[in-house]
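> Before I ask anything, here is the structure I am working with.
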2 protein chains.
Amino acid sequence: MTAAAADVVALLRADLGERVDTTLAERERARADKSGHAAAGIPLAVVHAESVADVQTVLRIASATRTPVVTRGAGTGLAGGANAGEGEIALSLRRMDRLLEVRPDDLLAVVEPGILNGDLNAALAVHDLWWAPDPASRAISTVGGNIATGAGGLLCAKYGVVRDAVLGVDLVLADGRLLHLGHRTVKGVTGLDLTSLVIGSEGVLGVVVGATLKLRRLVAGEVCTLTAVFPDVRTAARASAAVTASGAQPAIMELMDAAALAAVHDLLSLARPAPGAAQLTLQTDGPAAVAEAAAIAEVLRTAGGTVAISHDREEGERLLAIRRAMHPAMERLGTTLIEDVSVPRSALPAMFDEIARVEREHGLTIPTVAHAGDGNLHPNFIFDAAPGAAGAVEVPPHIWEAADDLFRAALRLGGTLTGEHGVGVLKRRWLVDELGDDQWELQRQVARVFDPLGILNPGKVFAAPR
Amino acid sequence: MTAAAADVVALLRADLGERVDTTLAERERARADKSGHAAAGIPLAVVHAESVADVQTVLRIASATRTPVVTRGAGTGLAGGANAGEGEIALSLRRMDRLLEVRPDDLLAVVEPGILNGDLNAALAVHDLWWAPDPASRAISTVGGNIATGAGGLLCAKYGVVRDAVLGVDLVLADGRLLHLGHRTVKGVTGLDLTSLVIGSEGVLGVVVGATLKLRRLVAGEVCTLTAVFPDVRTAARASAAVTASGAQPAIMELMDAAALAAVHDLLSLARPAPGAAQLTLQTDGPAAVAEAAAIAEVLRTAGGTVAISHDREEGERLLAIRRAMHPAMERLGTTLIEDVSVPRSALPAMFDEIARVEREHGLTIPTVAHAGDGNLHPNFIFDAAPGAAGAVEVPPHIWEAADDLFRAALRLGGTLTGEHGVGVLKRRWLVDELGDDQWELQRQVARVFDPLGILNPGKVFAAPR
């Protein structure tokens, strides 16, 4: 039984006062994320939680009134996972942004979920520490969002993903109870690893209201940056696979295909690259950075690349800025559906062949960047947005057909649908293809243990039409 | 409804023939693990599975007849988690020991669960690769057992635990269905991370019949080994915390207290150490090994240690052998209850104070070693074994009282009950103290989703009297 919308808002406001925002502008904002897609309809209210108790209050009211809750951080998601729509409460944790504790001696920090990844790392740098997960959105995305999506980034092959960098989370369940999951210790195997289960669970198990993060010391020594230009993307992909196979471990290895490179050069007013040219950008760090860069340069040259090495940190940042400008460059071309398939690293060249085939067969250009060091690709499908029902942006059917073709190719190559962006709404209809019926149903049942009423982020992840 | 024991054995034998072993000697062996403790009663049979299909057959028969199944690897557990007793089927995976695939280019391997950790690493070394988890039992423990317990070891602070080194597992559910969990890719966030949930789940969620492992390149360069002797254990613990706080990252940092050191020296016929003396043994590796060893030596000397450095790999192995001889040295002293608490690294000195207090107050000597690099301690409670009901070894009440005192001290210091051995039967009564009632119940419910009939390793982990 759903209470009338007005009643729910009144209950929220009675307990949370001004933290309940019902202005149209704020509710409109909560409908969308950085995927460019928006929920149908508009949420009841946006609650700006300022404490764990606030979150518990929202969940208790939501449970009592059977009202769906969509938890949000900074709204930088790329799968629509935090988009709130008709009849839903948007629960924003962005104001819960305190760094509660830093322990250099134990290499851990305790944070609230709304702290920006970039702000956290700025604060940690003072202690000669960092939190390794570095999604491209790090300047604008929250740690809580990074945890909810199991975010990756550029440094994952060498420094790991979010799953490798979280010791514990505090979780508010759908009924408002608070659980402390995980440990403050490096090792800990007491019972089931619910911390890992929450990482990447996209808001369907509970609300992450705090996290104990595993930190690293800042890496001392030189940073070397290499760029290598190749005549075509397949050669570049083969070169990146050769670097991995050589045993070298760059901190970063990014690949941009010709269309991606051209778009970014255009955005940044750089010289136009040669037609068809693709580029690898790599960084090495740590005590062997210089020697490793030299060895990698040799592999890249043997693979047909034109290589430049810089030993200057700032020059390196400028070179990487080209890669980091990908998202704004794509936004200038139209509405984008940013895909996120991941394949074993040896399959990168074959995956680029598949992308070329999909381009040919579907008559599209699909500018693609890849975190080549870990096999994660971001093909960008670009289209003219046609507003759908209630103003929601809808991906045209011919784009979904091409994306479907691409997903199935990645799965055939031993890959996965989403490496780091999550399932959200945009990929839920393929989830069962990857998991299989039995695992899909098991996962749904596990989620139901945490949220028996199904009020946490309904319509996301597991809500596909079967 | 439980079928008669004879019927269950007949059903197993009809499908699995000679792989069903009902000899008394084999069933006796399946009652116990390396903890020195044994289940009450004797299992119905030991099934030596040779394939995934064999495991599925056992589970189907077990489900149909409501017969409990206890999965075993090499029986090297230290918490009684794989001990099979009255009315149970012991399902041994030891014969499923093939290395199915090694991909140096993708840094992964696919294995059956019964392969020994040491055998796997010997096979990987040919490819210049290794699987980092290195429990002290690595020569005799299986990869499947390492996964089931979420094993740790000596190298965890630098190279991670099992959770960091598994990409996917194949799991047979209680009803015999086979699920493929996880990925072959570095990144992957499709749905809930059930792979991590299975790691450390001690046989209560399903039977791990295969695993895709994340590998590392063998670390090139020198290995430096340091030993540092301190007048007492607290000074040694303070020194280890100072090493971590200094920003150095040794690959190994092991601490032995006076009683542990004396027992091992006695076993190995080495010169008797000075009364009260405690020792740290450290290794550095990688391109900066020599410089790091020199910096660490300085920290250790400042902290009051007498330091020796060796740059010889074989000499280093000899020095570490002293640490590795701990378990046999303890076995000579009597029956041991090996504890496994873990605390934040800065709390190591305080934890040693607590151990000294427990020794005083309970009139015991508790020889202790610690993986000081990650804060994991193994206090050894030694006693004269008194056989209990049906020949089961029972820990005397006064030992449990002292252990209880120790556990609570670890929890007060922000620590955990078990860093790497698991809960099994020996620690199940404290599980709820660490998890709290709400999380304990939630974990039980999650387990029930996987195993609705409760036939997987019943009586372990969650079976504590409340």
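Throughout, read-outs are computed from the coordinates displayed, never taken from laboratory work. Quick caveat, the model's predicted, so the values are computed rather than measured. Neighbour counts are summed over all protein chains in view; Cβ atoms, including those assigned to glycine, are modelled from backbone coordinates with ideal geometry.
> Given Cα positions, please report Rg to Rh for the range A:99-217, the hydrodynamic radius being the Kirkwood one.
0.94
> For the range B:99-217, calculate the relative contact order in percent as a whole number, restricting contacts to Cα pairs under 8 Å that are 6 or more residues apart.
32 percent
> Calculate one ³J(HN,Hα) per residue across the range A:197-214 by plugging θ = phi - 60° into the Karplus curve 6.51 cos²θ - 1.76 cosθ + 1.60, and present them in order as whole Hz with x for glycine and proline.
Each residue of the range A:197-214 in turn: 5, 6, 5, x, 8, 6, x, 9, 9, x, 10, 6, 10, x, 8, 9, 9, 8 Hz.
> Another question, then. Any idea what the residue A:295 label distances to the other copies are, label 7 Å down the Cα→Cβ vector, nm, shortest first?
For residue A:295, the other copies' label points sit at 2.1 nm, shortest first.
> Another one. With respect to the axis carrying A onto B, what is the closest chain A residue by Cβ position, and how many angstrom separate it from the axis?
A:196, 2
> What residues qualify as long-range amide H neighbours of residue A:252, i.e. H under 5 Å apart, gap of 5 or more or another chain, H built at 1.01 Å from N?
A:283
> Let me ask something else about it. At residue B:87, with labels set 7 Å past Cα in the Cβ direction, how many nm apart are the copies from this one, shortest first?
Spelled out, the distances from residue B:87's label point are 4.8 nm.
> Residue by residue through the range A:148-164, which ³J(HN,Hα) values in whole Hz follow from phi under the Karplus form 6.51 cos²θ - 1.76 cosθ + 1.60 (θ = phi - 60°), with glycine and proline marked x?
4, 9, x, 4, x, x, 8, 9, 5, 4, 8, 10, x, 9, 4, 3, 7
> For chain A, take the longest principal axis of its alpha carbons; what is the angle in degrees between that and the long axis of helix A:348-362, to the nearest 10 within 0 to 90?
70 degrees
> If you average the C-alpha positions of the range B:109-132 and of the range A:420-466 separately, how far apart do those two centres end up, in angstrom?
Going from one Cα centre to the other spans 35 Å.
> Taking the Cα centre as origin and putting +1 on Lys and Arg beta-carbons and -1 on Asp and Glu beta-carbons, what dipole magnitude results for the range B:99-217, to the nearest 20 debye?
The calculation lands at about 300 debye.
> Okay, next question. Report the local net charge at residue A:224: Lys and Arg +1, Asp and Glu -1, summed over other residues whose C-beta lies under 11 Å from its C-beta.
-4
> Report, to the nearest 10°, how far helix B:258-267 tilts away from the longest principal axis of the Cα atoms in chain B, using its own Cα long axis and a range of 0 to 90°.
Orientation of helix B:258-267: about 70 degrees from the principal axis.
> Using a simple spin-label model with points 7 Å from Cα along the Cα→Cβ vector, what separation in nm is obtained for residue A:294 and residue A:314?
If labels sit at residue A:294 and residue A:314, their model points lie 2.7 nm apart.
> Okay, moving on. Would you mind pulling out the separation of the Cα centroids of the range A:209-267 and the range A:141-167, in Å?
Taking the Cα centre of the range A:141-167 as reference, the centre of the range A:209-267 is 17 Å away.
> Quick check: net charge around residue B:121, other residues with Cβ under 10 Å of its Cβ, Lys/Arg +1 and Asp/Glu -1?
On the way: positive: B:138; negative: B:119, B:134.
Every neighbour counted, the sum reads -1.
> Sticking with this structure for a sec: Have a look at A:265, A:385, A:422 and report the one farthest towards the positive end of the charge dipole of the range A:224-429, computed about the Cα centre with Cβ charges (Lys/Arg +1, Asp/Glu -1).
A:422
> Right, something else. With labels modelled as points extended 7 Å from the Cα through the Cβ direction, what inter-label distance (nm, one decimal) is found for residue A:24 paired with residue A:401?
Result: 3.8 nm between the two label points.
> Of all DSSP beta bridges located in the protein assembly as shown, what percent are antiparallel, nearest 5?
Working: 114 of 134 bridges.
That works out to approximately 85 percent antiparallel.
> Something else: If I take R0 = 60 Å and measure r between the Cβ atoms of residue B:122 and residue B:5 in this structure, what FRET efficiency does the formula 1/(1 + (r/R0)^6) give, to the nearest 0.05?
So the FRET efficiency works out to roughly 0.90.
> Okay, moving on. Assigning unit charges at the beta carbon (Lys, Arg +1; Asp, Glu -1) and nothing else, what dipole magnitude in debye, to the nearest 20, does chain B show about its Cα centre?
The dipole of chain B has a size of about 300 debye.
> If the only charges are +1 at each Lys and Arg Cβ and -1 at each Asp and Glu Cβ, what is the size of the charge dipole of the protein assembly as shown around the Cα centre, to the nearest 20 debye?
Dipole size: approximately 300 debye.
> FRET efficiency for residue B:445 and residue A:429, Cβ-Cβ distance as r, R0 = 35 Å, nearest 0.05?
0.75
> Oh, and also: No solvent, one uniform scatterer per C-alpha: report log10 I(q)/I(0) for the protein assembly as shown via the Debye equation at q = 0.07 1/Å, two decimals.
Debye output, listed in q order: -0.57.
> If you wrap chain A's Cα atoms in a convex hull and average its projection over all directions, what's the area in nm²?
Its Cα hull, projected and averaged over all orientations, spans 21.6 nm².
> Cα centroid distance between the range A:291-361 and the range A:11-39, in Å?
Cα centroid to Cα centroid, the span is 37 Å.
> On C-alpha positions alone, give me the angle between the axis of helix B:233-246 and the longest principal axis of chain B, in degrees, nearest 10.
Value to nearest ten degrees: 90.
> At 7 angstrom along the Cα-to-beta-carbon line, where would the label on residue B:433 sit relative to the other copies? Give the distances in nm, shortest first.
5.2
> Then there is this: What distance in nm lies between label points placed 7 Å from Cα along the C-beta direction at residue A:361 and residue B:274?
Reported label-point gap for residue A:361 and residue B:274 is 7.6 nm.
> Taking the Cβ of residue B:296 as the centre, find all other residues whose Cβ is under 15 Å away and add up their charges (Lys, Arg: +1; Asp, Glu: -1).
Neighbour charge sum, excluding residue B:296 itself: 0.
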